[in-house]
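Okay, structure first, notes after.
The values are calculated or read from the model by the stated rules, or taken from the named source; none is laboratory data. Just so it is clear, the model here is predicted, and its values are computed rather than measured. Here the Cβ positions follow ideal geometry from the backbone for every residue, glycine too, while neighbour counts run over all protein chains shown. Side chains included, ligands, DNA and RNA excluded: accessible areas come from the protein's heavy atoms. Shrake-Rupley method; radii C 1.70, N 1.55, O 1.52, S 1.80 Å.
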Amino acid sequence: MLLDDVRVLDFTSGIAGAYATKLLADAGAEVTLVEADEGHPLRRRREGRLFEFLSAGKHSVLRADGADWASASGADIAFVGDGTAVAALRGAHPGLVVASITPYGTDGPHASRPATEFTLQAACGSTGHRGLPDGPPLAAGGEIGEWLTGTYAAVGALAALRSARTTGLGEHVDVAMLDCMSVTMSIAPAVFHSLAGWPPLEGTGRTIEVPSVEPCQDGYVVLTPNSAPQFEDLLLLIGRPEWIGDPSMTRVHARFERRQEFWDSVWAWTKQRTVAQVLEETALLRIPAGPLLNAQTVVAFEPFVARRTFAPAASGRFVRPCVPYRIDGEPPPEPGPAPESPTLATPRTTTTATDSGGADAGAATRSHWERPMAGIRVLDLTAWWAGPAATHAMAALGADVIKIESPRRPDGMRFTGVKAPSVEQWWEWGGLYHAANTGKRAITLDLSHPEGVAVFDRLLTGADAVIENFTPRVMPQLGLDWDHLHTVNPRVISVSMPAFGSEGPWRDRTGFAQTMEAVSGMAHVTGFPDGPPVLVRGCPDPLAGMHAVFVTLAALAQRDRDGKGHRVEVVMVEAALNAAAEAVIEYSATGEVWGRTGNLHRTAAPQGVYRCAGIDEWVALAAVTAPQWQALVATVPGLDRAEWADEQQRHRDHDALDAVLGAWTAQHSAAEAARRLQGAGVPAEVVIAARDMVRNDQLRHRNLLEAHDHPVCGTHEIPAFPVRFSRVKRWTDRPAPLLGQHNVEVLGEAGLGPSDLAALQDAGVIADRLPT
């Protein structure tokens with residue numbers, strides 16, 4: 001298997017750490033849980049079913065007195081749930097990669113604050129930008145931030161190990177949930193607003209997508225026409241051709257202002273049709289769409305049945321999603337059972353392990369530390385967010401990423417910008433394009449032209465990886481299928497990121513993040529109990545992207561051993577299904593279909609967002625533990641009722657609790673209410689507008705925002721790769737590239753001279769402007 005020479009210790013206690021080490025275990029690493037006497041907390045959550053899913057194939061030991069950190073000898077990576085042991089671990093084992101996963105990071109002004117994923121959603125802007133203006137802000141359901149953070153932690157740890165094995169030098173991989181959630185749970189609003197000159201915004205600026213999840217005769221369907229042609233086709237489909245070209249309908253924020261008028265037209269069409277009929281008609285026009293599924297219907301969805309996306313757990317107690325990738329056409333072997341209980345032993349050591357950690361100093365091939373992907377060249381054929389998020393991380397990790405765009409149809413994310421087409425180089429003002437493409441070089445190449453393919457083959461001979469997120473029909477149509485890539489360069493890693501996989505009845509369907517949120521069940525558990533499902537807003541894109549980075553790193557490690565290229569497929573929807581796994585696990589075990597609970601949660605009582613004294617000011621708070629509840633009682637008058645000492649009674653009485661809490665928060669500004677609650681030990685955060693994450697002191701302390709001077713757009717702060725390495729002060733130095741900016745540079749490196757480039761430009765194979 002890919003990582004069968006990697007040994008991992010897991011000292012963490014939450015979902016994020018467990019999912020990070022699950023990714024490593026699924027790829028073949030030997031993972032040992034180091035548990036305290038009372039056992040991993042997830043063992044006690046709903047009869048341990050989530051623990052079983054996340055811990056399949058792992059080993060477990062009890063934490064021995066004074067020996068738990070020393071047992072890291074022989075390990076390659078250790079995951080910890082706080083920062084207190086990092087220095088001791090790294091001091092004792094200089095070659096060890098230590099990955100810490102904490103709410104705010106291991107240092108900074110907020111590092112010691114109490115937090116839950118719910119309050120972190122408020123702090124990063126996710127809650128504030130979701131919902132309707134006349135209602136309260138709305139958090140995303142399903143603890144998605146935990147799963148996102150775990151994926152980033154796995155990428156950071158595996159990347160750091162790549163460097164450790166060539167230098168003998170370990171690393172501290174400092175992963176903060178707030179950082180990861182700030183980058184993934186809102187679609188770069190700060191960058192859009194910065195490019196637009198920071199227009200005034202009142203309140204939290206919450207909206208929902210129009211269209212998004214829409215009602216049909218027999219359920220809901222999600223409509224995701226993100227590109228202009230897709231939206232125009234939808235307008236034709238619903239019988240409103242007069243809106244084509246109308247900026248009050250074609251521009252997203254303007255359309256939100258006319259949302260009721262738009263909904264009336266969409267619903268007049270969808271409500272006359274079944275979900276199946278809507279999906280059939282939209283598929284004919286290649287408009288991305290999908291059914292709104294829940295934990296019951298998702299397992300029976302035909303494309304998932306055909307791909308065997310779900311399988312029984314080893315114990316047979318429940319059904320769970322399978323690993324969301326394949327290597328050389330095959331999924332990884334099925335994981336073994338989860339450990340029933342920890343043993344009293346310490347983790348096994350090997351005769352080749354050294355006290356420097358798993359990286360044998362004698363095997364070092366470099367005398368100095370370099371970024372993990374230094375010397376790796378990636379040909380990037382991706383567009384929109386999922387693929388570019390992957391290559392953005394690769395560029396940060398040191399790869400030379402060559403972004404290749406069609407001169408006639410470049411990355412569609414360029415066109416979701418802040419400038420009208422009448423503005424010179426308007427295509428350079430796309431906010432998410434800037435956020436996902438720093439650190440790259442860019443060329444244009446028409447791959448439908450034989451000369452374009454010939455130039456691509458020149459680049460391919462010197463490449464280590466090719467990554468694309470087309471539908472599966474595109475690369476073969478271009479003559480660039482796996483056989484061709486492998487023939488030209490037998491060592492290349494080919495990474496494809498299809499929405500629904502290369503096989504099955506939905507293989508040729510397009511899909512965006514919103515599609516995945518509906519199909520995976522994420523949207524079904526987001527929203528208020530008496531309202532419709534609500535989209536999470538984009539996170540399946542970077543989630544799939546980081547899975548792709550993880551598997552690419554694993555495939556490169558395999559190539560280091562066998563010298564061979566490999567074919568990698570990371571299925572976007574299957575990554576989302578893994579992050580939404582708990583609802584399916586619980587339904588298959590209990591028959592309970594989790595519904596929408598608004599801002600409530602099964603593990604916290606109370607939990608919610610509460611209006612404060614200012615204009616559209618809100619504070620988010622959650623009490624998960626008994627000490628947090630006691631601290632809340634001591635802070636807010638009126639909560640000291642005897643029956644509320646019982647957690648289950650508090651769940652039943654949440655309306656009465658909300659009334660008491662709302663009366664108290666209404667007397668304070670959001671900042672003051674949060675300050676008092678935090679000081680008492682209660683997880684609480686101000687619900688901010690998503691764009692205001694740039695003003696967060698903790699994020700600024702951790703250098704999450706990197707200023708880039710763009711040749712067209714000027715200087716703007718761009719969120720960086722949200723993982724800190726002790727040896728990296730800044731992740732990228734190049735701003736997002738202009739269209740075709742590096743044609744001369746990159747193609748010159750491939751041996752093309754000025755006359756060659758002129759001929760290619762005359763033939764329309766390359767360009768640095770859109771055609772007029």
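Being open to solvent by less than 10 Å² (accessible area, probe 1.4 Å) and in contact (Cβ under 8 Å) with a residue 24 or more places away in the chain narrows it down to one residue among Val593, Val525, Val519, Val534; which is it?
Val519
So in the stretch 1-19, with the set limited to residues that are within 22 Å of Val723 (Cα to Cα) and either in contact with a Phe, Trp or Tyr (Cβ under 6 Å, 6 or more places away or on another chain) or not aliphatic (A, V, I, L, M) (or both), which one is most open to solvent (accessible area, probe 1.4 Å)?
Within the stretch 1-19, the match that is most open to solvent (accessible area, probe 1.4 Å) is Ser13.
Specify the residue that is nearest to Asp411 (Cα to Cα); the eligible residues are those in the stretch 762-772 that are out of contact with any helix residue (DSSP H, G or I) (no Cβ under 7 Å at 6 or more places or on another chain) and touching a residue at least 12 places away in the same chain (Cβ under 8 Å).
Once the filter is applied, the top-ranked residue is Arg769.
Based on what the data block shows, is Ser496 among the polar types (S, T, N, Q) and buried (at least 22 other Cβ atoms within 10 Å of the Cβ)?
For Ser496, the condition - among the polar types (S, T, N, Q) and buried (at least 22 other Cβ atoms within 10 Å of the Cβ) - is met.
Checking the conditions here, which among Ala435, Ala454, Ala463 is part of a helix (DSSP H, G or I) and either touching a residue at least 24 places away in the same chain (Cβ under 8 Å) or in contact with a strand residue (DSSP E or B) (Cβ under 6 Å, 6 or more places away or on another chain) (or both)?
Criteria check complete, one pass: Ala435.
Which residue pairs have Cβ atoms under 7 Å apart, sit 6 or more places apart or on different chains, and have a first residue in the stretch 234-248 that is farther than 15 Å from Ile287 by Cβ and a second that is open to solvent by 50 Å² or more (accessible area, probe 1.4 Å)?
Ser248/Arg258
Name the pairs whose Cβ atoms lie under 6 Å apart, with the first residue in the stretch 201-218 and under 15 Å from Val534 (Cβ atoms) and of a type in the set (A, V, I, L, M, F, W, C), the second buried (at least 20 other Cβ atoms within 10 Å of the Cβ) and modelled with pLDDT under 90, and 6 or more positions between them or separate chains?
Here the result reads none, with nothing in the stretch 201-218 linked to a residue that is buried (at least 20 other Cβ atoms within 10 Å of the Cβ) and modelled with pLDDT under 90.
Considering only the stretch 661-672, I want to know if a residue exists there that is farther than 30 Å from Val183 by Cα and either among the acidic types (Asp, Glu) or modelled with pLDDT under 95 (or both).
Scanning the stretch 661-672, I find no residue that is farther than 30 Å from Val183 by Cα and either among the acidic types (Asp, Glu) or modelled with pLDDT under 95 (or both), so the answer is no.
Here's a check for you: in the stretch 724-749, which residue that is of a type in the set (Val, Ile, Thr) and over 23 Å from the mean Cα position of the chain (by Cα) is least open to solvent (accessible area, probe 1.4 Å)?
My answer is Val746.
A quick yes/no check of all residues on (1) in contact (Cβ under 8 Å) with a residue 40 or more places away in the chain; (2) surrounded by fewer than 19 Cβ atoms within 10 Å (Cβ to Cβ):
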| residue | (1), (2) |
| --- | --- |
| Ala583 | yes, no |
| Leu600 | yes, no |
| Ala604 | yes, no |
| Ala613 | yes, yes |
| Ala623 | yes, no |
| Ala626 | no, yes |
| Gln630 | no, yes |
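Looking at (1) over 28 Å from the mean Cα position of the chain (by Cα); (2) modelled with pLDDT under 95; (3) closer than 29 Å to Ser55 by Cα; (4) surrounded by fewer than 23 Cβ atoms within 10 Å (Cβ to Cβ), can you tell me which one Arg317 breaks?
(2)
Go through the stretch 589-607 and give me each residue that's out of contact with any Ser or Thr (no Cβ under 7 Å at 6 or more places or on another chain) and over 19 Å from Ala523 (Cα atoms).
Residues satisfying the conditions are Ala589, Thr590, Gly591, Thr603, Ala605, Pro606, Gln607.
Would a scan of the stretch 390-401 turn up a residue that is on the phi < 0 side of the Ramachandran plot, buried (at least 24 other Cβ atoms within 10 Å of the Cβ) and part of a strand (DSSP E or B)?
yes
When the stretch 231-260 is examined, which residues are found to be among the charged types (D, E, K, R), over 33 Å from the mean Cα position of the chain (by Cα) and part of a helix (DSSP H, G or I)?
Glu242, the sole residue that qualifies.
Condition (residue is open to solvent by less than 10 Å² (accessible area, probe 1.4 Å), touching an Asp or Glu at 6+ places or on another chain (Cβ under 7 Å) and either in a helix (DSSP H, G or I) or modelled with pLDDT under 95 (or both)) applied to the stretch 543-552: is it met by at least one residue?
Among the residues of the stretch 543-552, not one is open to solvent by less than 10 Å² (accessible area, probe 1.4 Å), touching an Asp or Glu at 6+ places or on another chain (Cβ under 7 Å) and either in a helix (DSSP H, G or I) or modelled with pLDDT under 95 (or both), which makes the answer no.
What are the residues in the stretch 561-581 that are farther than 23 Å from Pro472 by Cβ and either open to solvent by 10 Å² or more (accessible area, probe 1.4 Å) or among the aromatic types (Phe, Trp, Tyr) (or both), if any?
Answer for the stretch 561-581, where residues must be farther than 23 Å from Pro472 by Cβ and either open to solvent by 10 Å² or more (accessible area, probe 1.4 Å) or among the aromatic types (Phe, Trp, Tyr) (or both): Arg561, Asp562, Gly563, Ala580.
What's the total number of residues in the stretch 402-437 that are of a type in the set (S, T, N, Q) and surrounded by 24 or more Cβ atoms within 10 Å (Cβ to Cβ)?
Of the residues in the stretch 402-437, 1 are of a type in the set (S, T, N, Q) and surrounded by 24 or more Cβ atoms within 10 Å (Cβ to Cβ).
Residues are listed down the side, and each one gets a yes or a no for (1) modelled with pLDDT under 95; (2) open to solvent by 60 Å² or more (accessible area, probe 1.4 Å); (3) under 24 Å from Asp541 (Cα atoms); (4) not β-branched (Val, Ile, Thr):
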position	(1), (2), (3), (4)
Glu214	no, no, yes, yes
Met249	yes, no, no, yes
Trp263	no, no, no, yes
Ala268	no, no, no, yes
Gln277	no, yes, no, yes
Glu281	no, no, no, yes
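Which condition number does Leu639 fail, the rest of (1) in contact with an Asp or Glu (Cβ under 8 Å, 6 or more places away or on another chain); (2) in a loop (DSSP other than H, G, I, E, B) being met?
The number of the failed condition is (1).
What is the one condition in (1) closer than 30 Å to Ala707 by Cβ; (2) modelled with pLDDT under 95; (3) hydroxyl-bearing (Ser, Thr, Tyr) that Thr184 does not satisfy?
Of everything listed in (1) closer than 30 Å to Ala707 by Cβ; (2) modelled with pLDDT under 95; (3) hydroxyl-bearing (Ser, Thr, Tyr), Thr184 misses just condition (2).
Within the stretch 690-723, how many residues turn out to be open to solvent by less than 60 Å² (accessible area, probe 1.4 Å) and among the charged types (D, E, K, R)?
Result for the stretch 690-723: 4.
Find the residue count for the stretch 750-772, including only residues that are in a helix (DSSP H, G or I) and surrounded by 15 or more Cβ atoms within 10 Å (Cβ to Cβ).
Residues that pass the stated criteria total 4.
Give the residue, chosen from Pro137, Pro200, that is over 30 Å from Leu54 (Cα atoms) and either aromatic (Phe, Trp, Tyr) or open to solvent by less than 10 Å² (accessible area, probe 1.4 Å) (or both).
Pro137
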